[in-house]
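Reviewing the structure listed below.
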Amino acid sequence: MKALVVAGARPNFMKVAPILRALADGGHEGVLVHTGQHYDSQMSDAFFRDLNLPDPDFHLEVGSASHAVQTARVMEAFEPVLREVRPDWVVVVGDVNSTLACALVAAKLKEELGCRVAHVEAGLRANDWRMPEEVNRVLTDRLSDALLIPSRDAEANLAREGIDPARIVFVGNVMIDTLLSQLPKARELDMPGRLGLERGNYVLSTLHRPSNVDDPASLASVLGALAEVSIEMSVVLPIHPRTRKNALAFGLRGSLEALTVIEPVGYREMISLTEGAAVVLTDSGGVQEETTVLGVPCVTLREQTERPVTVTEGTNRMVPWPLTREGVLNAWREALAKGRGAGRVRVPEGWDGRAGERVVSALQGLKQAVGTFVSESGDVPTRP
Ligand code: UD1
Ligand code: UDP
């Protein structure tokens with residue numbers, strides 16, 4: 001089996017690493033395409049090093065642009081690659097613009113090239129169309145032949161949208177494969193110590209959602225809340241380039257000065273910081289999942305989450321919305337008072353370090369099913 005695997009932005013690298021490994025272990029061919037949506041060394045190369053990822057077979061170098069231009073650039077550059085590689089499967093992960101762009105190209109070419117599209121992390125829904133990721137998720141799922149879901153709630157979301165259950169396979173969470181495999185090396189790093197922070201006595205924060213960082217009043221409010229927390233406990237903020245750019249453009253340099261602002265960190269450094277934190281305050285999707293597995297209290301600085309199991313089974317809680325300084329402070333205090341592991345019912349099903357293997361088994365099984373299924377009349381049925 002030949003699988004073309006797409007990665008473009010920071011959270012994609014942790015997701016493709018276990019899939020590529022499982023493909024290689026199973027004697028399959030994995031071809032890695034990096035779209036170049038993220039390109040700074042600390043947003044891309046650092047993860048190739050930490051996660052032992054092979055150099056991409058193709059680099060599309062699309063860079064930053066508006067949603068339309070970035071998506072279109074990925075599509076234009078990806079089409080000839082797909083024609084050249086002619087894989088059995090195009091595997092896209094997550095919900096970034098590169099995910100949708102490549103799924104769309106593959107969906108249009110699949111009859112001609114005989115390939116199929118698999119979406120890893122299918123079925124997550126925030127039920128908020130203002131989020132660019134929600135548009136990407138819903139459309140990618142609609143275009144995909146295989147919907148590989150990380151949690152059972154995704155099944156109900158997809159059923160509501162009329163997706164054929166035969167295309168849905170529960171595989172668990174590939175992000176956690178990477179977390180569990182990198183944890184020993186992350187622990188050796190002792191990032192809190194290196195930054196002069198006391199383990200269990202600091203807050204780790206990450207921010208990059210447009211709803212928090214693209215509007216001056218919202219960014220002022222969330223940074224102001226973090227500055228208030230920092231009066232009582234150090235707050236370390238590995239700052240996303242989008243957030244840094246906006247904070248400077250909106251004249252919020254002063255709010256940043258109250259915090260320990262550092263460049264975005266590599267994966268192992270991030271996990272070391274996450275594990276040592278008293279509480280994590282974040283709007284990241286992946287960080288909600290990692291804190292749940294590590295048992296670290298997390299407050300999600302968003303109106304809703306597409307990862308509800310992190311709240312119902314894990315250590316995550318939602319900040320009261322609309323976000324206010326008082327709301328953040330109260331949520332932080334409550335999370336701190338409850339302490340590590342509090343509220344965690346269990347590590348969610350399938351978040352066990354073996355999701356990459358299940359992705360590859362699913363692709364093999366579905367490939368056979370697709371390849372051998374012929375209608376009673378002997379015609380190959382039209383794809384949904
Ligand atoms: C993207 C994803 C988001 C994901 C996030 C992970 C979409 C629509 N959004 O958001 O779902 O959670 O990645 O981090 O795909 N920039 C740099 N260097 C880089 C990359 C970006 O400076 O290496 C700056 C540029 O100014 C760019 C901005 O960050 O315009 C935003 O980058 P972009 O990839 O468009 O969106 P993210 O906010 O990173
Ligand atoms: N992460 C990292 N360094 C950072 C910030 C985040 O390694 O400075 C990791 C984090 O641990 C998780 C992933 O990046 O594995 C999440 O990516 P991000 O928050 O950018 O995107 P999202 O998950 O929200 O789409």
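Quick look at the values:
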{"quantity": "Selection count where residues are open to solvent by less than 60 Å² (accessible area, probe 1.4 Å), touching a Pro at 6+ places or on another chain (Cβ under 7 Å) and within 12 Å of ligand 2 (Cβ to nearest atom), scope the range 29-56", "calculated": "2"}
{"quantity": "Any hit, the range 69-84, residues being of a type outside the set (Lys, Arg) and in contact with a Lys or Arg (Cβ under 7 Å, 6 or more places away or on another chain)", "calculated": "no"}
{"quantity": "The range 136-165 - residue that is in contact (Cβ under 8 Å) with a residue 60 or more places away in the chain and away from ligand 1 (no atom under 16 Å from the Cβ) and, of those, surrounded by the fewest Cβ atoms within 10 Å (Cβ to Cβ)", "calculated": "Asp164"}
{"quantity": "Where Gly200 falls short, out of the listed (1) more than 16 Å from ligand 1 (Cβ to nearest atom); (2) buried (at least 19 other Cβ atoms within 10 Å of the Cβ)", "calculated": "(2)"}
{"quantity": "The range 71-122, subset charged (D, E, K, R) and within 16 Å of ligand 1 (Cβ to nearest atom), residue most open to solvent (accessible area, probe 1.4 Å)", "calculated": "Arg73"}
{"quantity": "Search result, residues across the range 1-17 that are within 9 Å of ligand 1 (Cβ to nearest atom) and of a type outside the set (Lys, Arg)", "calculated": "Gly8, Ala9, Pro11, Asn12"}
{"quantity": "Hits in the range 217-261 - residues which are loosely packed, with under 15 Cβ neighbours inside 10 Å and more than 21 Å from Leu329 (Cβ to Cβ)", "calculated": "Lys245, Leu248, Ala249, Gly251, Arg253"}
{"quantity": "Number of the exception - Leu180 against (1) closer than 30 Å to Val279 by Cα; (2) in contact with a helix residue (DSSP H, G or I) (Cβ under 7 Å, 6 or more places away or on another chain); (3) part of a helix (DSSP H, G or I)", "calculated": "(2)"}
{"quantity": "Residues within the range 18-47 that are under 22 Å from Leu82 (Cβ atoms), within 16 Å of ligand 1 (Cβ to nearest atom) and not hydroxyl-bearing (Ser, Thr, Tyr), tallied", "calculated": "5"}
{"quantity": "Test set (1) more than 25 Å from Ser64 (Cβ to Cβ); (2) assigned to a helix (DSSP H, G or I) - Leu204 fails condition number", "calculated": "(2)"}
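The values are calculated or read from the model by the stated rules, or taken from the named source; none is laboratory data. Treat the numbers as computed from the prediction; the structure is a model and nothing was measured. Glycine gets a Cβ as well: all are built from the backbone with ideal geometry, and neighbour counts include every protein chain shown. The protein model used for the area step is the full one, side chains on, heavy atoms only, and it has no ligands, DNA or RNA in it. Shrake-Rupley method; radii C 1.70, N 1.55, O 1.52, S 1.80 Å.
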